[in-house]
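So the structure is just underneath, and the comments pick up after that.
The values are calculated or read from the model by the stated rules, or taken from the named source; none is laboratory data. Here the structure is a predicted model, which is why all the values come from computation and not from measurement. Cβ: placed from backbone, ideal geometry, glycine included. Neighbour counts: every protein chain shown. Side chains included, ligands, DNA and RNA excluded: accessible areas come from the protein's heavy atoms. Shrake-Rupley method; radii C 1.70, N 1.55, O 1.52, S 1.80 Å.
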Amino acid sequence: MMPPRRTERLVVLVILAALLFTPPLILLADRPAGGLSWLAAYLFVAWALVIGLAAWLLEREPKE
Amino acid sequence: MAKVLVVDDEPNIVLSLEFLMQQAGFEVITAVDGESALTRIAEMPPDLVLLDISLPGISGFDVLERLRAMPTSARLPIIMLTAHGREVEREKGLALGADDYITKPFSTQALVDKVKALLDESAA
Amino acid sequence: MDRELSVIVAAFGYLALLFVIAAWADRRARQGRSVIASPFVYTLSIAVYCTAWTFYGSVGRAADAGPSFLLIYLGPTLAMLCGPLIIRKMVRTARAQRITSIADFISARYGKSSRLGALVALVALIGITPYIALQLKAITLSHAVLMHYSPVPTGVTSAASFLNDKSFWVALVLAVFIMLFGTRHLDASERHEGMVAAIAVESLVKLVAFLVVGLFTVFMLFDGPADLFARAAAQPQLQHALSLSAVPGGALGWIGTLLLAFLAFLTLPRQFQVLVVENVDERHLLRASWLFPLYLLIINLMVIPIALAGLLLSGTGSDPDSFVLTLPLSAGQEGLSLFVFIGGLSAATGMVIVETIALSTMVSNQLVMPLLLRATPLSRGLRGDLSGWLLGIRRVAIALILLLGYLYHALIGDAYSLVTIGLVSFAAVSQFAPALLLGLYWRGACGLGAGLGMLAGIAVWGYTLLLPGFAQSGWLPMSFVEQGLYHLAWLRPYALFGLDGLDIYSHSLLWSLMANIGVLVGVSLFTRQSRLEQTQAALFTGALTEGIDTAPLWQGQTTRGALRDLLKRYLGGTATSRVLAEANATDRNTSMEACVASADGENAAAMDASASPQLIARAEQALAGALGSASARVLINSVVRGEALDREAVLRILDSTSQTLEYNRRLEQKSRELARIGEELRGANERLRELDRLKDEFVAMVSHELRTPLTSIRAFAEILRDSQDMPDDKRAQFLEVVVLESQRLSRLIEEILDLARLESGRLTLHPKRLDLVDLTRQSLAAVQHPIEERGVHLEAIIDLDEAQVIGDPDRLEQVIINLIDNAAKFAADQAPRVLVRLERHRGHIRLSVEDNGPGIAIEERERVFEKFHQLAQQSPASGHTRGRPRGSGLGLPISRGIVSQLGGRLWVEDAETLDGASLIMELPDAPREMQAS
């Protein structure tokens, strides 16, 4: 059900998501944009990206 | 005068053997296939046979086998003279009772010597 | 009051609908047509994570603390992404061991320890009660807002006076509802299909309600998102609303809250219930791993717009937790407000239903049943069917849990906002994480360490979060919070050991997890595990190893009758017969007769028969599914004599499985591959040997054919050399023979080369358009003289003016000559005749060469095309009369090769006109269009 390569990819994806969701990366996005901070917008975009990657990873037929 | 039977289906080879044997002082009779060879031997028994293997109809091996099976020709000197040069065929011929197995093309002198030696041996 | 009535009708109608859905799903499950066996339903049931706290509280937190509300959902996103790794392991173990709750799971992992199970159940009860209180508060609060909203913002204090009465009734109604809902079955089992279906529907309702109110806010109250954000940006007091500076604890607090949400998602009893216990198919996890984060993303999209809109429109006086309701109310949207209320109700009830069922299972299985079983005289005294008792205990537990929740809410609930209560609960259940996660991956983690660690962690949690909460509610002096216990500054609950600058949750989580993990690891390193604990630890950590739970674990002895009686007492009659029938179906040692008898319970002899290890294991599993693993173990021990488990064997299996199984699997694969390769090699070898044999044969034939002319040449050459006195005519004859035989030799070599080229495909033809009539005449002219010299009568019938074909003229001529030559050889001895005929036949040009010989027998007709095949020539008794040249036996194979390369055919038939054989060559007509050119 979980070929080794897919497990490896998933672990890397989790690490990537954890990095995207935490400081210091989020500090980069914490900048005002016409009064309000970009932070929330950044989080939503990063979140959607991670979900998209996970869907792509988990819905493909495992080739191995 | 010793009588030699030449059995071969190649006319030119028969021609050369006939000449060689006559020159060596033997009487020569010929046959072009196994069937006629056996008839010839029954009609006028030769003192020696030069026998080819690839013959139309009965093969030379069969002729040899039949001759050795008959008491009259059990000790008849027979030289296999053939273009089949493989070791297995040579062994087969000797096992079936041939006195010698000579591969074509042959040395005329060696053949004549061999025929003479065998005839002397059987006469002794 | 009309409004009051419509709200009550809507709320009860909604609950009734849920009940109908649950009943329908339960019926479908009994018919074997489960409605929840889908990754989508699984995902929606996981969304029970989003409670009233999400529905109302997210907006509140966004208004107070900026984007930090998202952490509560980013944490679970991370946890869910790990789902195929971590949660799958829990699911597989829980299925194999029939786990009923997280308390059961932890207890089973640490040697089916009933003390540890009880501790987990107690902690969960303490930690979750505020959370349930929060839902009650949300329902009553939202109801109050809906009933008593006035356009002039006066705050919710006016509504607060109504709360106490209302929330008690809400709790009561929910209690009855959950009893009907979760304990409908007479045989208590760990699965609740109906509940899962209802929860999935609730998740849809709350999602749609929240999105609708969000869209309403953005597009009806404002002119789209651009307008909303522009107006918010213009407000100076909102400048930092969305930045990290609004987050309590800053960057460290951010990480702390993320970790808190991550751990709580895995350890909340209701999440464990839907994620692990209610999972129908392990494969659903794969899709849910990204689908559930997507659900979270969608439900959070509208939080910030609503929060900003609320802050812009409502002023400072109103409670941000109610923005979701007050925004549509302020716009006079009664219907929309009612829908939002139902959405909030679904979020709250969903949580309360699952949480209460999970908690009541823990209370009955981990707290009450072990006590009942320990009091031996009492349990002996309980005669008859105990399964009814079990359900009774659960129902009482449900009522008590909701009562506790109500009391918490009524007494101290108001001190905290929605989010605060939720986070306090999160911090409490996070104390399960070390025991749970370390237990899954570290075999050495022991039960004593897990228990003490959890106690330490929960003590720190109580000191740093719970007691300060009491202080803020006025139960304890505030000086406790501000100056620390006994006025010791390093004991200040919000800055333990002087650690300052974190938000209170991260602060509490940090210290409690440190204490928890430290004690767990420290104690485990210095404690010997019991043998049962070793077995269970190995089973849990090796859960993903294939073929691990197959060994029969029981070595003791008991009778089938004793087991049946035991099951009957705790599970009831129907469930017992089902378990026994299932076990019999898989137990091959049991005869058909005993099988039927034991299911009926009639045959006394069968009941006296000893039970197989498989049956005992199955019985323990069934009991564990209803009572929890610790109690099931106690009960089975009470009827089984002798050694319960062959633990050494199990441990041996487990220790070696991971390596050995993998090794064996690879070996098997390798040997299968080798066998296959060997087979292929054998085949290839066979073919090679056959080819080799054919090659030997060919070489022998070639040498034989070459030797024949060479023999004549050498013999005559030696004769001519040795005989000086030879007549001239003799000499001339012999020389002529040498010449002829030399020619024959060269021809033969040429043919052998042709054949070799044909067979290897290197024979290059030069095809061009030609007239076969001309070519045939040309060939006839070439052979006419030599053939007739041999006494053969050669005639030709050519009916065509022209016959255009594509071919190589030289090669075709070679073929035609070869055919005529062949026919001449086989013609009759007396008056030999050969007839060549050229005609058109069905779009082909056909050349046939007949002779008047004996013909060729049907079985010989294909063999004449074999290499060196020479037909036995009819032997003239007189020897070689006609001086017929012998063929090499290669002419026909070569001819056939050439003709088929030109797209034609060559074969043998009976002659049409003459009596003998007929060799027929057919070539296709040349295409018309080419003819024109």
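A few notes on this one:
- Translational diffusion coefficient of the protein assembly as shown (Stokes-Einstein, Kirkwood radius from Cα pairs, 20 °C, 1.002 mPa s): 55 µm²/s.
- Computed over neighbours whose Cβ is under 10 Å from that of C:VAL634, the net charge equals +3, Lys and Arg +1, Asp and Glu -1.
- Using the Cβ-Cβ distance between C:ALA782 and C:ARG721 with R0 set to 45 Å, the FRET efficiency works out to roughly 0.80.
- Dipole magnitude of chain B about its Cα centre (Cβ charges: Lys, Arg +1; Asp, Glu -1), debye to nearest 20: 180
- For the segment A:24-31, counting C-beta atoms of other chains within 10 Å of every residue's C-beta and taking the mean gives 3.
- Each residue of segment C:137-145 was assigned a 3J(HN,Hα) from its phi angle through the Karplus expression (A = 6.51, B = -1.76, C = 1.60, θ = phi - 60°), giving 4, 5, 5, 5, 5, 5, 4, 5, 4 Hz with x at Gly and Pro.
- Charge tally for C:ARG115 (other residues, Cβ to Cβ under 14 Å; Lys, Arg +1; Asp, Glu -1): +2.
- Summed over both chains, the contact between B and C buries some 2300 Å² of accessible surface at a probe radius of 1.4 Å.
- When the protein assembly as shown is described by a simple charge dipole with +1 on each Lys and Arg Cβ and -1 on each Asp and Glu Cβ, the residue from C:LEU890, C:HIS793, C:GLY451 located farthest towards its positive end is C:GLY451.
- Residue-normalised accessible area of segment B:3-118, expressed per residue, 1.4 Å probe, Å²: 40
- Sorting C:ASP851, A:ASP30 by accessible area puts them as A:ASP30, C:ASP851; the probe is 1.4 Å, largest comes first, and only protein heavy atoms count.
- For the protein assembly as shown, with +1 on Lys and Arg beta carbons and -1 on Asp and Glu, the positive-most of C:ALA824, C:GLY469, C:VAL737 along the dipole: C:GLY469
- By accessible area, using a 1.4 Å probe on protein heavy atoms only, the protein assembly as shown has 59% of its surface on carbon and sulfur.
- Cα gyration tensor, segment A:4-59 - rounded (a/c under 1.5), prolate or oblate: oblate
- Expected-Rg normalisation [2.2 N^0.38 Å, Cα atoms] applied to chain B: 0.94
- Comparing each chain alone with all protein chains together (probe 1.4 Å, DNA, RNA and ligands left out), the residues of segment B:62-109 losing at least 40 Å² of accessible area are B:ALA83, B:ARG86, B:PRO105, B:PHE106, B:THR108.
- Area hidden from solvent between A and C (accessible, protein heavy atoms only, 1.4 Å, total, Å²): 3100
- Remark: mean inter-chain Cβ contacts per residue of C:278-285 equal 1, using a 10 Å Cβ-Cβ cutoff to other protein chain atoms.
- Sites matching trypsin sites (Lys or Arg not before Pro) across segment C:17-67 that sit in DSSP coil, with at most 15 neighbouring C-beta atoms within 10 Å: C:ARG33
- Partners for C:LYS206 among lysines (Cα-Cα distance below 16 Å; same-chain residues under 8 apart left out): none
- Distance in nm between pseudo-label sites at C:LEU252 and B:ARG86 (7 Å out along the Cβ direction from Cα): 9.4
- When the charge dipole of the protein assembly as shown is built from unit charges on Cβ atoms (+1 for Lys and Arg, -1 for Asp and Glu) and taken about the Cα centre, the candidate among C:PRO927, B:VAL7, C:PHE497 whose Cα reaches farthest toward its positive end is C:PHE497.
- Only Lys, Arg, Asp and Glu carry charge here, each on its Cβ (+1 for the first two, -1 for the last two); on that basis segment C:825-867 has a dipole of about 280 debye about its Cα centre.
- Full extension of the chain segment joining C:GLU912 with C:LYS670 gains 80.6 nm, where the gain is 0.36 nm per residue of separation less the Cα-Cα distance.
- Rounded to the nearest 20, the size of the Cβ-charge dipole of segment C:764-932 about its Cα centre is 460 debye, with Lys and Arg at +1 and Asp and Glu at -1.
- Length available on full extension from C:TRP169 to C:GLU860: 0.36 nm per residue minus the Cα-Cα distance, which gives 238.1 nm.
- Distance cut-off 28 Å, percentage of C-alpha pairs in segment C:764-932 lying past it: 19
- Only helices enter this figure: runs of n ≥ 4 DSSP H residues, each worth -39500 (n - 2.57), summed and divided by the residues of chain B, yield -14500 deg cm²/dmol at 222 nm to the nearest 500.
- Relative to one another, the C-alpha centroids of segment C:311-348 and segment C:824-866 are positioned 107 Å apart.
- Between the beta carbons of C:ALA23 and C:TRP490, assuming R0 = 45 Å, the FRET efficiency works out to 0.20 to the nearest 0.05.
- Heavy atoms of A:TRP38 accessible to a 1.4 Å probe, total area in Å² rounded to 10: 140
- Whether segment C:455-497 is rounded, prolate or oblate, judged on the alpha carbon gyration tensor where a/c under 1.5 counts as rounded: oblate
- If you plug the beta carbon distance of B:GLN23 and C:GLU839 into 1/(1 + (r/R0)^6) with R0 = 51 Å, you get a FRET efficiency near 0.35.
- Overall shape: oblate for segment C:708-791, with the ratio a/c of the largest to smallest alpha carbon gyration tensor axis at 1.5 or above and b/c at least equal to a/b.
- Counting only protein chain heavy atoms and rolling a 1.4 Å probe, the accessible areas of C:PHE40, C:PHE826, C:PHE734 rank, largest first, as C:PHE40, C:PHE826, C:PHE734.
- In the protein assembly as shown, the DSSP beta bridges split such that about 60 percent are antiparallel, to the nearest 5.
- Between segment A:4-26 and segment C:611-642, the alpha-carbon center distance in angstrom: 43
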